[in-house]
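As structure tokens, the structure follows; a few thoughts come after it.
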Amino acid sequence: MTLTTLQLSEAGPTVALREAGAGAPLVLLHGVGMQSAAWGPQIEDLSRSHRVIALDLPGHGGSDPLPAGSDLPDFVSWLHDVVLALDIGPVSLAGHSMGALIATGFAVDHPAMTHRVALLNGVYRRTPQARAAVLARAAEIGAGQVDLATPLARWFGKTPADISARDRVAGWLRAVDPAGYATAYGAFARGDATYADRLDEITCPFLAITGDGDPNSTPAMAQEMAAQVRHGRAIVITGHRHMVNLTAPDVVTAHLRDWLAIPSEETYHDIA
């Protein structure tokens, strides 16, 4: 695996990324507060058949932040700039949580550059109560009041796999740049409905995965998103919560391999 940086323009921001393998490009986008290392199990496996490029989101890992107050479309534009700079489009695109929101926006705004899209633990049309709660958390983070214990308790159970993943995730959360985290979390909190009315514009193979115990990226959200997409499929993994790619890595990676094997002109329904 190669760790490298990319300059988006002569005086533009720097993007950090992890790259492995060769073949058709697969771009991976992590969740808010994480970094590209969160895709470790998937990078190792999927790089055997694809050129896997895991990006540090703006303000995370080694990537420069976007301006304070940036919204979800700004992160989508950032991804578009990265894909152009790498000269890799069209791409297969998988995103987790905040990364799932960005991946959705990219698939909607740039269909010719998207072979397929997979969303892990994505959010879609939060309830008024959930929206109020996440906006309150965004305001606290923006004010410098960062509570790590609460999200970790929400994301993980008590199994050995959960405990191991929790320790890694806690380290990434502690290492994130506070300003970059606040900007990304604000966009995440406000972004659940940004592209919700346009999911039916996605025509490539679409996969939504979540855990049955994820209270914020619920099974109902995954199923509703997949139902809006012509070639959509939803998968709910039993016994897992928000970080399914780390707590159920083999299961998630197997589903991603199946998704990657479908020619973009075919549908899940055609091969069921």
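The values are calculated or read from the model by the stated rules, or taken from the named source; none is laboratory data. As the structure is a prediction and not an experimental result, all values here were calculated from the model. In this analysis, Cβ positions are derived from the backbone assuming ideal geometry, glycine residues included, and neighbour counts consider all displayed protein chains. Side chains included, ligands, DNA and RNA excluded: accessible areas come from the protein's heavy atoms. Shrake-Rupley method; radii C 1.70, N 1.55, O 1.52, S 1.80 Å.
For this structure, a couple of remarks:
- Residue ID - farthest from residue 96 (Cα to Cα), chosen from residues in segment 207-238 that are of a type in the set (D, E, K, R) and open to solvent by 10 Å² or more (accessible area, probe 1.4 Å): 230
- The helices (runs of 4 or more DSSP H) falling completely within segment 203-270 that include 3 or more residues that are under 22 Å from residue 47 (Cα atoms) map to 244-247, 249-260.
- Only residues that are of a type outside the set (Ser, Thr, Tyr) and farther than 17 Å from residue 170 by Cα were counted in segment 32-56, giving 13.
- Residues in segment 42-62 that are of a type outside the set (D, E, K, R), more than 19 Å from residue 119 (Cβ to Cβ) and open to solvent by 10 Å² or more (accessible area, probe 1.4 Å): 47, 49, 61, 62.
- Matching residues, segment 7-23, being assigned to a strand (DSSP E or B), open to solvent by less than 50 Å² (accessible area, probe 1.4 Å) and either of a type in the set (Gly, Ala, Ser) or more than 19 Å from residue 99 (Cα to Cα) (or both): 16, 20
- Test for residue 135: is it surrounded by fewer than 17 Cβ atoms within 10 Å (Cβ to Cβ) and closer than 17 Å to residue 72 by Cα: yes
- Close pairs (7 angstrom Cβ cut-off, 6 or more residues apart or separate chains): farther than 14 Å from residue 54 by Cα in segment 5-19, at pLDDT 90 or above and among the acidic types (Asp, Glu) anywhere: 8/81; 13/64; 14/64
- Looking across segment 24-41, the residues that are aliphatic (A, V, I, L, M) and part of a helix (DSSP H, G or I) come down to 37, 38.
- Beta carbons closer than 9 Å, at least 6 apart along the sequence or on distinct chains, pair a first residue in segment 244-263 that is among the acidic types (Asp, Glu) with a second that is crowded, with 19+ Cβ neighbours inside 10 Å and not in a helix (DSSP H, G or I) for 258/207.
- Residue count for segment 187-240, restricted to those that are of a type in the set (Val, Ile, Thr) and in contact (Cβ under 8 Å) with a residue 60 or more places away in the chain: 5.
- Options 72, 46; residue that is of a type outside the set (Val, Ile, Thr), in contact (Cβ under 8 Å) with a residue 40 or more places away in the chain and in contact with a strand residue (DSSP E or B) (Cβ under 7 Å, 6 or more places away or on another chain): 46
- For segment 71-87, the set of residues classified as open to solvent by 10 Å² or more (accessible area, probe 1.4 Å) and either out of contact with any helix residue (DSSP H, G or I) (no Cβ under 9 Å at 6 or more places or on another chain) or assigned to a loop (DSSP other than H, G, I, E, B) (or both) consists of 71, 81, 85, 86, 87, listed by residue number.
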